[in-house]
Amino acid sequence: MAAIARWSIAHRWTVIVAWLVLALAGGVAAAQAGSRLSFTFELPGQPAYETNETIVRSFGSGGSNDPLIAVVRLPDGGLESPAGRDGLRKVDGLVRDAAPGARTASALSDTANASGYMSKDGRTTFVIVYPVPDFTSDDPYTKALPALEKSLAGVRVGGEPVHVTGASVLAAGGSSSGNSVLVETILAGAAALIVLAIVFGSLLALLPLLIAAIAIPTTFVGIYALTYATTMSTLVQNIVALVGLGVAIDYALLVVTRWREEKAAGRANREAVLVSASTAGSSVVFSGITVTVSLAALALTTVPFLRSIGLAGMLIPLISVAVSITLLPVILDAAGSRLEWPRKRPPSTVSRLWTAIATWVVRHRIAAASGAIALMAALIIPVFSLQLGEPKAAAQATTASAEARAGLKALADSGIGSGVLRPTEILLPSGSSLDAPDQTTVIQPESWNRGGTRVAAGWGREDASSDAGKSTLAQLRKAAAAIPGAQVGGSPAQDGDFIDALYGGNLWIIITVIVVVTFLLLSRALRSVWLPVKALLLNAVSLAAAFGVLTLVWQEGHGSAVFSSPATGAVTLWVPLAVFALLFGLSMDYEVFILSRINEEYAAGHSTDEAVVRGIGHTGRLVSSGALILFLAFVALGGVPQTDVKILSTGLAAGIIIDATIIRGVLAPALVSLFGRLNWWLPAPAQRLLRIQPIRPTTIEISEMTPQPHAPDSQRHR
């Protein structure tokens, strides 16, 4: 890394101009890429997805696009009364006029299945509407819904208003408004600046933000290129902007902090730059590679939108590393000392707080490890009840429009239930019919016939994401299997296929490969077998705790009131894998930062306990500051109306804080202290395989590119 820093300094204008050009090109690419990003969640090759595609091609609507529901409260006598029939007939006509080309059905237009549209008291009914979807927006009914609401506004049947609701209406939060990517990034950047100002107390606080401001737009050059090669999801904008902000700042923090330390130890500015590049820069490279490897779990999936997040996510750490080891040394060499303004005295290079914490942990290692493990166990236990699925309608309704909430309430109060919001659609050969299983409603209107096929829709009373809803899906699949040529689609069936595709056998092969590769990388970087094993085990604990928080907060609703939302009853299908891929690498970042410094102190001749205390003293503030910045970035990510993104941001924010404090601040140093010299065990076969030598503590004179002995504490804390 020192050689790269020397080359960059020698060719400073080439480096500066190159990164400025790339950043400016990235700004243009980000604007252009927006129109090329996809709102769809495709699942090619899976039965339900392919059935849904067939339904949309044949009928122009439906499939994975859940219907809109116009809920009607009939007068006394229900459909037996002239007023009831006339009122529903009027609603039917208005719906068809407002949504031309839509597939519709009601108790009047589908008399053979009329009871399936009625509540037990005969007073509440509904019109089911499958408008032609608009795939240019993340809401398929962005045009159809306003037209339908406008058409039915003010319409009354028996004195009661007609309410329009639906799964997509509830999921949209009742509004398309929310923080844009730019607003989220600005908010997170402002919060990061406050943290950095506290850490540095000088203009150096701007330097990590500058590195992020170069790395993030440059990443969009790659993303724009990828839009021509594969489907890229709109979510990549949020992930790259906010994760990129945290990662780039983390890497710059590590290098700048080490440069400061070397300057405080008496080195000349350029020498301090080269030493920080050799030491902190090497840690940055290994950390970046580790983050990149972890995101391969997403990049190698068969789900296009997750694959796009993985591909984009793999770019940001690599580019952040490149900026940190080339441009950052150039800036520090040219203006680093001037950026210390307005500081009057050399800054402290060791955190008193983290030194005290590390000292306590080492002295009480068993108690510290036991307490941390007990706390982690309490957070992990809820994971065993984790359920994957779409958030229940009742949870999404809290942020939806009053109209959508009223429609859902009318369905629930009447006993019809929320299951109708997400029907299972069954594609049938023309002339065949589907028998309704127990406790299940099935409709198959004659008007839903096209070219030798017809569509039936089935649902139960309970939400499709509930256990009862999944049981209804299983019953409908079984009933359809008895009909030759029948195919099962709809969003509940596609969700089931999604889980199978995402969490099937191939994923575990991918994760195993990632774990093995990470182990080899860490073994080489840390020159140890046990330290990488410990790091991977702690990562597993950290991830499990994050999943536990997700289960507690969102599935069970303990604390979800903070988000003005009740329990979702399930964790969104794709969120756990996204949390794994992002947190695995980011958490390992901190482990590499800490263990690299502990290794360095141990190699300099300090005992294991001394190395732990000194290592945590030097890196604790860095890790906690970086984690706080990432935490705030993930909080900003939650500033969107979509529930699934809020769930993702909760898992990431909770995971990063848990990892940086309890795991890396207490449990990791306690275990290193407990295992003593075993930490650096490196058997001969591993030495030959990795082509490295074990760490041999020494107190001999340190070479030019190795940090000098640290000043006494009394000098450091002046």
The range 142-177: number of residues that are under 23 Å from S35 (Cβ atoms) and at pLDDT 90 or above: 3
All but one of (1) in contact with a Pro (Cβ under 8 Å, 6 or more places away or on another chain); (2) crowded, with 20+ Cβ neighbours inside 10 Å hold for S202, so report the exception by its number. (2)
Starting from residues that are within 16 Å of S528 (Cα to Cα) and of a type in the set (V, I, T), keep the ones in the range 654-702 and report whichever is surrounded by the most Cβ atoms within 10 Å (Cβ to Cβ). V672
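Does the range 583-596 contain any residue that is touching a residue at least 60 places away in the same chain (Cβ under 8 Å) and open to solvent by 40 Å² or more (accessible area, probe 1.4 Å)? Can you show your working first?
Of the residues in the range 583-596, the ones touching a residue at least 60 places away in the same chain (Cβ under 8 Å) are 583-596.
Narrowing further to those that are open to solvent by 40 Å² or more (accessible area, probe 1.4 Å): none.
No, the range 583-596 contains no residue that is touching a residue at least 60 places away in the same chain (Cβ under 8 Å) and open to solvent by 40 Å² or more (accessible area, probe 1.4 Å).
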What are the pairs with Cβ atoms under 7 angstrom where one residue, in the range 52-65, is open to solvent by less than 30 Å² (accessible area, probe 1.4 Å) and the other, located anywhere, is in a helix (DSSP H, G or I)? Sequence gap at least six, or different chains. N52/Q494; G62/I55; G62/V56; G63/N52; G63/E53; G63/I55; G63/V56
Give me the residue from the range 415-446 that is in contact with a Ser or Thr (Cβ under 7 Å, 6 or more places away or on another chain) and of a type in the set (S, T, N, Q) and, out of that set, most open to solvent (accessible area, probe 1.4 Å). S430
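Suppose the filter is touching a residue at least 60 places away in the same chain (Cβ under 8 Å), open to solvent by 30 Å² or more (accessible area, probe 1.4 Å), part of a helix (DSSP H, G or I) and over 23 Å from F305 (Cβ atoms); does A147 pass it? Before the answer, list the steps.
Numbers: touching a residue at least 60 places away in the same chain (Cβ under 8 Å): no; open to solvent by 30 Å² or more (accessible area, probe 1.4 Å): yes; part of a helix (DSSP H, G or I): yes; over 23 Å from F305 (Cβ atoms): yes.
Considered against the rule, which asks whether it is touching a residue at least 60 places away in the same chain (Cβ under 8 Å), open to solvent by 30 Å² or more (accessible area, probe 1.4 Å), part of a helix (DSSP H, G or I) and over 23 Å from F305 (Cβ atoms), A147 comes out as no.
Within the range 478-511, restricting attention to residues that are of a type in the set (S, T, N, Q) and in a helix (DSSP H, G or I), which residue is most open to solvent (accessible area, probe 1.4 Å)? I'd like the intermediate steps shown before the answer.
From the range 478-511, those of a type in the set (S, T, N, Q) are 487, 491, 494, 506; that's our starting set.
Keeping just the survivors that are in a helix (DSSP H, G or I) gives 491, 494, 506.
Working: S491: 10, Q494: 21, N506: 110 Å².
Going through the qualifying residues, I end up with N506.
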I want to confirm something. Restricting to the range 108-144 and keeping residues that are of a type in the set (V, I, T), farther than 20 Å from S401 by Cα and under 34 Å from the mean Cα position of the chain (by Cα), which single residue is most open to solvent (accessible area, probe 1.4 Å)? T136
I need every pair where a residue in the range 189-211 that is touching a residue at least 12 places away in the same chain (Cβ under 8 Å) has its Cβ under 7 Å from the Cβ of a residue that is among the polar types (S, T, N, Q), sequence separation at least 6 or different chains. V195/S625; V199/S625; I211/S324
Starting from the range 12-32, take each residue that is more than 12 Å from T218 (Cα to Cα) and list its partners that are surrounded by 15 or more Cβ atoms within 10 Å (Cβ to Cβ) and of a type in the set (S, T, Y), counting only C-beta distances under 8 angstrom and pairs at least six apart or across chains. V15/S8; V15/T326; Q32/Y224
Looking across the range 184-197 at residues that are open to solvent by 60 Å² or more (accessible area, probe 1.4 Å) and at pLDDT below 85, the single one that is nearest to I325 (Cα to Cα) is I186
Lone unmet requirement of (1) at pLDDT 95 or above; (2) surrounded by 22 or more Cβ atoms within 10 Å (Cβ to Cβ); (3) not aromatic (F, W, Y) for L94: (2)
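To keep it simple, each residue is scored yes or no on (1) at pLDDT below 85; (2) of a type outside the set (K, R); (3) in contact with a helix residue (DSSP H, G or I) (Cβ under 6 Å, 6 or more places away or on another chain); (4) within 24 Å of I662 (Cβ to Cβ).
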| site | (1), (2), (3), (4) |
| --- | --- |
| D467 | no, yes, no, no |
| K470 | no, no, no, no |
| G489 | no, yes, yes, no |
| L526 | no, yes, yes, yes |
| P532 | no, yes, yes, yes |
| A535 | no, yes, yes, yes |
| L552 | no, yes, yes, yes |
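Yes or no, residue by residue, for (1) part of a helix (DSSP H, G or I); (2) in contact (Cβ under 8 Å) with a residue 60 or more places away in the chain; (3) open to solvent by 30 Å² or more (accessible area, probe 1.4 Å); (4) within 27 Å of D644 (Cβ to Cβ):
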position: G288; (1), (2), (3), (4): yes, no, no, no
position: L306; (1), (2), (3), (4): yes, yes, no, yes
position: L311; (1), (2), (3), (4): yes, yes, yes, yes
position: L318; (1), (2), (3), (4): yes, no, yes, no
position: I325; (1), (2), (3), (4): yes, yes, no, no
position: I331; (1), (2), (3), (4): yes, yes, yes, no
Pick from the range 369-393 the residues that are out of contact with any helix residue (DSSP H, G or I) (no Cβ under 7 Å at 6 or more places or on another chain) and within 30 Å of G460 (Cα to Cα): which of them is surrounded by the fewest Cβ atoms within 10 Å (Cβ to Cβ)? F384
Just name the residue that is farthest from the chain's Cα centre (by Cα) out of those in the range 638-653 that are aliphatic (A, V, I, L, M) and surrounded by fewer than 24 Cβ atoms within 10 Å (Cβ to Cβ). V640
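Looking at S542, S523, S528, can you tell me which residue is in a loop (DSSP other than H, G, I, E, B) and open to solvent by less than 10 Å² (accessible area, probe 1.4 Å)?
Values: S542 fails: in a loop (DSSP other than H, G, I, E, B); S523 fails: in a loop (DSSP other than H, G, I, E, B).
After ruling out the rest, the residue left standing is S528.
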Conditions: (1) of a type outside the set (D, E, K, R); (2) within 29 Å of A191 (Cα to Cα); (3) open to solvent by 40 Å² or more (accessible area, probe 1.4 Å); (4) modelled with pLDDT under 90. Y224 meets all but one. Number of the miss? (4)
Cβ-Cβ below 8 Å, separation at least six or inter-chain, first residue in the range 434-451 and free of Cβ contacts under 8 Å to residues at least 40 places away in the same chain, second among the hydroxyl-bearing types (S, T, Y): which pairs? Q439/T472; T440/T472; N449/S430
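Inspect all residues belonging to the range 554-561 and state whether any of them is among the hydrophobic types (A, V, I, L, M, F, W, C) and open to solvent by less than 30 Å² (accessible area, probe 1.4 Å).
Yes, the range 554-561 has at least one match.
Could you grab me the full set of residues in the range 150-169 that are assigned to a loop (DSSP other than H, G, I, E, B) and either among the charged types (D, E, K, R) or closer than 18 Å to L79 by Cα (or both)?
Keep residues of the range 150-169 that are assigned to a loop (DSSP other than H, G, I, E, B), which gives 153-155, 158-159, 162.
Residues satisfying the conditions are V155, G158, G159, V162.
So which helices (runs of 4 or more DSSP H) are wholly in the range 357-439 and hold at least 1 residues that are at pLDDT 95 or above and under 28 Å from the mean Cα position of the chain (by Cα)? Walk me through how you get there before you give the answer.
Details: elements: 365-380, 393-396, 402-414.
Per the criteria, 365-380.
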Hits in the range 295-304 (condition: under 19 Å from L242 (Cα atoms) and either touching a His at 6+ places or on another chain (Cβ under 7 Å) or open to solvent by less than 10 Å² (accessible area, probe 1.4 Å) (or both)): L295, L298
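Would you confirm, using the coordinates I've provided, whether V284 is under 30 Å from T234 (Cα atoms), part of a helix (DSSP H, G or I) and open to solvent by 10 Å² or more (accessible area, probe 1.4 Å)?
Values: under 30 Å from T234 (Cα atoms): yes; part of a helix (DSSP H, G or I): yes; open to solvent by 10 Å² or more (accessible area, probe 1.4 Å): no.
No: the conditions fail for V284.
The values are calculated or read from the model by the stated rules, or taken from the named source; none is laboratory data. No experiment lies behind these values; they were computed from the predicted model shown. Please note: Cβ atoms are built from the backbone with ideal geometry, for glycine as well, and neighbour counts cover all protein chains shown. Just the protein is used for accessible areas: all its heavy atoms, side chains included, with ligands, DNA and RNA removed. Shrake-Rupley method; radii C 1.70, N 1.55, O 1.52, S 1.80 Å.
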